[in-house]
Structures are given as C-alpha cells and as structure tokens.
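The values are calculated or read from the model by the stated rules, or taken from the named source; none is laboratory data. In this text, all values refer to a predicted model and were calculated from it rather than measured experimentally. Please note: Cβ atoms are built from the backbone with ideal geometry, for glycine as well, and neighbour counts cover all protein chains shown. To get the accessible areas, we keep the full protein, side chains included, count just its heavy atoms, and leave off ligands, DNA and RNA. Shrake-Rupley method; radii C 1.70, N 1.55, O 1.52, S 1.80 Å.
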Amino acid sequence: MDNNDDACGCGGGSSSSSSRLKYLIIRPEKGGIGDLYRYLVWADLASGLSFLEGSDQELVERVAADHRWVILVSIILRKFIAFLAKPMEWTGYAFDFFLNLLSLNHNLFGLLSNLLQGKVVVPERDTETFISTIGHLDGRIDLYKTQSLLLLQDTDNNSESSVFGERSIRIDMGNRALMDLCIMASKLAYENSKVIENVVLHHWKMHFVDFYNCWNDFQRERSTQVFILCDKDKDANLILISFRGTEPFDANDWSTDFDYSWYEIPKLGKVHMGFLEALGLGNRADVVTFQNHLQKWTNSGGVHVSKSPSQGRESVSSNIDSGQEQGQGIKEIPPEMVEMTAYYAVKSKLKSLFKEHKNAKFVVTGHSLGGALAILFPMVLVLHEEEEIIQRLLGVYTFGQPRVGNTELGRFMEAHLNHPVPKYFRMVYCNDLVPRLPYDDKTFLYKHFGVCLYYDSLYIQKHMDEEPNRNYFGMRYLIPEYLNAVWELIRALIMGYTHGPEYKEGWFSILIRVIGLALPGLSAHCPTNYVNSVRLGKERIIQLSSF
C-alpha cells in the first residue's frame, strides 16, 4: 500500500514553485466529447491525457493507461452533472417553492381552498418559514425526548447559566442523545440561517452562535455553509459545529462527491482536493495555493496564523525566506480571504468562544459532504498545530460521509483522534452510495478510517472498519440492494403504525423511496435513515470520551 501511495504521489513539476507539490487532477472540462469517445472506445491515451493533470507526466500517462474505467466513470458523471447544472438549479428553485407553497397552505386541498378564497400564502425565501427540500423530506425538528437516552440537567429558572430558564443537555459521550443532537444538527444545516436560529432557540432551547456562508475560490461562489451553537449562552459545556451536506439540486456539490482529484500534504497523506476547496484551503486552478494554506509549522519557518494589527483579524502568512526550499511559492493569504472561508472563520470563532466558555468542549458534525468537511476541519487544526483547540475536541460524528483521503492520512488522524479513547465515529446506513465514494482502488487510494458504525435496514448496528460492498457496484450485492429497496419502501408505508407517529413518512419521502427502486444507494442516503438509525439502533453505542 505504501509503495502504491508513493508511486501515485508523483514526482516534481517543472517550475521551482511547485517542484515539491504532488497532486492529480481530473478535469472533465478540458477535453471534448471526441476525446471522451476515443478514450472510451479506442483506449486512446492521448485523448485520455487531455482530462488529466498531475505533478509527474510519466505517472499520469501510466494512470491513464492502467485505470481507464475509473477515470471514465468520473469524467462521464461529472460531464453529465455539469450539463444538467442549470436545469438542476432551476428545478430545485421551483421544487423548493412548490413544496413550501403546499406546506404553508396545508397541502393540496388547502391550497385549492385558499385559491378560491384569495388567501394563498406565498413562500418567501430566507425566512424562518421557508424550509429546504431536505427539511420537507424529514420534517422532524425536535430532539429525541426519551429520558433514558437524553440526560437533562435541571437549572434554576433565574440562573444565568440556563438558556431562557430552561433545561440544558449535560454532555456525556456515552449517551445516545449526543448522536441524536449531531444528526439533527447535520440535517438542520441544510436550512437558511433564520430557520436554524429559530429551531436552536425555540425547539432545542440552546444558544445559537452564528451562521456562515463561506467562499469556495475554485467554484467562485459562497457554496459552503456551517453553523455553530452552544448548549447554553453562559458557561457552556458544549460547542457544536455543523457543516451543510450535499444539496439535492446543487450540481457543484454532486460533482465534488464524484471527483477523484487529490493533493498530497507532505508527511500527512493525500487529501480530496474538492473538499479542501470547500473549506477554503486552496484552488486547483493554482495548485500552489494548497501549499500556502497547508504548509506545516516549523521552527525554521512555515505558514503560521497571526493577527493583523490594524484589523484584528486572522491572516495566514509565511516567514520563510524566498531562498529556502520548503517555502518556495508560498504567499501571504489576504485577511479578507481568510474571513470569507469556512476553515478560518470557524476556527476564529471557536477561539473566541473558548475565551467566553472556559470549560466548553466542541463537537464537529455533518451529513454527506458536510461529514467530509467535519473530519477535515480537525485534521487541518492538527496540521497547523492548534494544540489548545484539539485538546478541547470532544468528538467528530459524520453521517453518510464520503472518503476524504488515503491510508497514510487515516493513520495520521487516528494517531490524534484515537487516544486515549476514540473520538471519530462515522455512521453509515445500509446501501448508502455516498460513503462508497470516491472509488477505492489502486489509482486513487481513497480509504476510510476511524470507527464505522454501520446500520442495516433493520437498524441493527455493527462496529466495523469498513462498510460492506465498499465500492457499491459489486455484482454479488446487486440483487440484495434492489430487494432491500423494496423492503425500505414497504417499511416507509407502515413505519408510522409500527414505531409511532414521529416515524411516519410523508408523500415526498415515499416518492424518494420509489425512486430508490431504480437506484437504491441514492434513497438510502437520505437523513431520514440516519435519524431513524440513531433513535432505533438496536446495539448499545460504545463508550466514548467524557469530561
């Protein structure tokens, strides 16, 4: 494995600024349909190379020859997604409006009645009543209330440590309530800031800190969303950071999930390039930008975080002399860029919260793409030697998370997240397609790490190193996947009767189950399955760290 890692790592480039950079980029936009056809049908390497860019041309040629089918799948899917980008955006816009129109007017018959009476309630975007597609798919917003699972701490109604004089959650990592809070926060991250604030304050009785709409320099838009809450407004025990996952109608999000491009951080491992870009840590259009953000601190120099005296904001700079080998190509990261990006904005806020809440520890969570960002955030904190922050990390919970890097990266992170007890838990539901991406093969070497809590379609939990059918398209799993999709549809129709009204699935959820008959891995990815798995899981959650 290590030999393959080194081989795929690639050698040096031609320019002095990137001579030590190692990377591989798949660029569907660089080649045309003719190139794709020749590469697919005739195995023409010259056509295939038009889609690839790397730090070692000889090795890129070998990759194009030896792993044609994996590359073709990525190119075809991403080209198809790019072709549908605008229709997906328009469809999502119309679909969100329609779902909210039905909801605000009490479904179809209520809408018809209001039309006749001239009392139609028109949805307004970015308000606390405008719910996302994910929110309509699973309308649950309250936390699990079973007393055996949720430990509550009574506080004095007049106490400054309570949130609006209510009760607050006492953090206990052995308690399933924290997992429930994490999956519900991961689901809530799909909403706009006003919906999030309303739920956190009035339903969860917690303290809403802030919502961030962050810049992705490669996509040239604010496409990364994250919010922060505390369990109390004063003397908090818990700070929770929740990254938004893959939007159902966002072509860029889906393209990122099917991207196999990587950047290698020296002595750490290969990391998914698209996820680094989502955190604001580089842009593949100028690969040296990853080095600017990810260079490790050293005594002799390196990238460090410092305060801008005039503005009091964080900025990233280099104090390496231009003649030193390690620092070549490194430039100062402008403060205005820093405050726009997810990693730096969240880290800066986290530091200020620690000053306000002396005993607080933090949890990072996310579903889908949000799960990938949730585990990469502490990874970069470790890389930047933010030891004071890492010491206050309580745990990382991800749901339906894609792979983020190679085996070397996994070993690096496990060394920091497994001692004295495991802190990173990756939940996978049954045939969910996304945790099987990007493809795990000898070219790209994407590997999961950490503890996998795998739930089958009966919500029976198993502790595993890797979920079954790790690349999803295994032929021996094909028939069981479709049979399971039929069972999930039947289960959705009877869930409200067998488990209670809170588990009843609406027409929209049933529709997704029907679509899942064609592609089971897509419907299995829905947050509904993860909420049910956490709440109905039949095996006791293993003991985690506590304080």
Take K234 and tell me if it is touching a residue at least 40 places away in the same chain (Cβ under 8 Å), open to solvent by 10 Å² or more (accessible area, probe 1.4 Å) and on the phi > 0 side of the Ramachandran plot. no
State whether the residues of segment 149-159 include one that is within 29 Å of the chain's Cα centre (by Cα) and at pLDDT 85 or above. no
On the basis of being open to solvent by less than 10 Å² (accessible area, probe 1.4 Å), at pLDDT 95 or above and touching a strand residue (DSSP E or B) at 6+ places or on another chain (Cβ under 6 Å), does S186 make the cut? yes
Does segment 123-139 include one or more residues that are modelled with pLDDT under 90 and farther than 18 Å from S509 by Cα? no
Which number in (1) open to solvent by 10 Å² or more (accessible area, probe 1.4 Å); (2) closer than 21 Å to H367 by Cα; (3) modelled with pLDDT under 90 marks the one condition that K267 misses? (2)
Residue by residue through segment 414-434, note down the ones that are modelled with pLDDT under 90 and surrounded by fewer than 23 Cβ atoms within 10 Å (Cβ to Cβ). E414, A415, H416, N418, H419, P420, V421, P422
Which ones in segment 357-388 are part of a strand (DSSP E or B) and open to solvent by less than 10 Å² (accessible area, probe 1.4 Å)? F362, V363, V364, T365, G366, H367
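Select, from L268, L240, the only residue that is out of contact with any strand residue (DSSP E or B) (no Cβ under 6 Å at 6 or more places or on another chain) and not charged (D, E, K, R).
One residue alone meets the criteria, L268.
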When segment 36-72 is checked residue by residue, the ones that are open to solvent by less than 20 Å² (accessible area, probe 1.4 Å) and either more than 30 Å from P248 (Cβ to Cβ) or part of a helix (DSSP H, G or I) (or both) are Y39, S47, G48, G54, S55, L59, V60, V63, A64, I71, L72
Residues of segment 447-487 being assigned to a helix (DSSP H, G or I) and either in contact with a Cys (Cβ under 8 Å, 6 or more places away or on another chain) or open to solvent by 60 Å² or more (accessible area, probe 1.4 Å) (or both), which ones? M475, R476, Y477, L478, I479, P480, Y482, L483, N484, V486, W487
Restricted to segment 189-227 and to residues being outside any helix (DSSP H, G or I) and basic (K, R), the residue most open to solvent (accessible area, probe 1.4 Å) is R220
What is the one condition in (1) more than 30 Å from L52 (Cα to Cα); (2) among the aliphatic types (A, V, I, L, M); (3) assigned to a helix (DSSP H, G or I) that I75 does not satisfy? (1)
So how many residues does segment 234-263 have that are among the basic types (K, R) and in contact with an Asp or Glu (Cβ under 8 Å, 6 or more places away or on another chain)? 1
Being over 18 Å from the mean Cα position of the chain (by Cα) and not β-branched (V, I, T) is the filter; apply it to segment 395-416 and report the residue that is nearest to Y455 (Cα to Cα). E414
Only residues in segment 447-464 that are under 18 Å from N484 (Cα atoms) count as the first member; pair them with residues that are of a type in the set (S, T, N, Q) and in a strand (DSSP E or B), Cβ under 8 angstrom, at least 6 apart or cross-chain, and list the lot. Y454/Q461; Y455/Q461
Tell me whether segment 108-121 contains one or more residues that are closer than 30 Å to D180 by Cα and in a loop (DSSP other than H, G, I, E, B). no
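If you scan segment 85-116, which residues turn out to be open to solvent by less than 50 Å² (accessible area, probe 1.4 Å) and in contact (Cβ under 8 Å) with a residue 12 or more places away in the chain?
Scanning segment 85-116 gives A85, M88, G92, D96, L99, N100, L101, L104, N105.
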Determine, yes or no, whether E325 is among the acidic types (D, E), part of a helix (DSSP H, G or I), at pLDDT below 90 and open to solvent by 10 Å² or more (accessible area, probe 1.4 Å). no
Give the residues of segment 500-509 that are touching a helix residue (DSSP H, G or I) at 6+ places or on another chain (Cβ under 7 Å) and open to solvent by 30 Å² or more (accessible area, probe 1.4 Å), sorted by residue number. K504
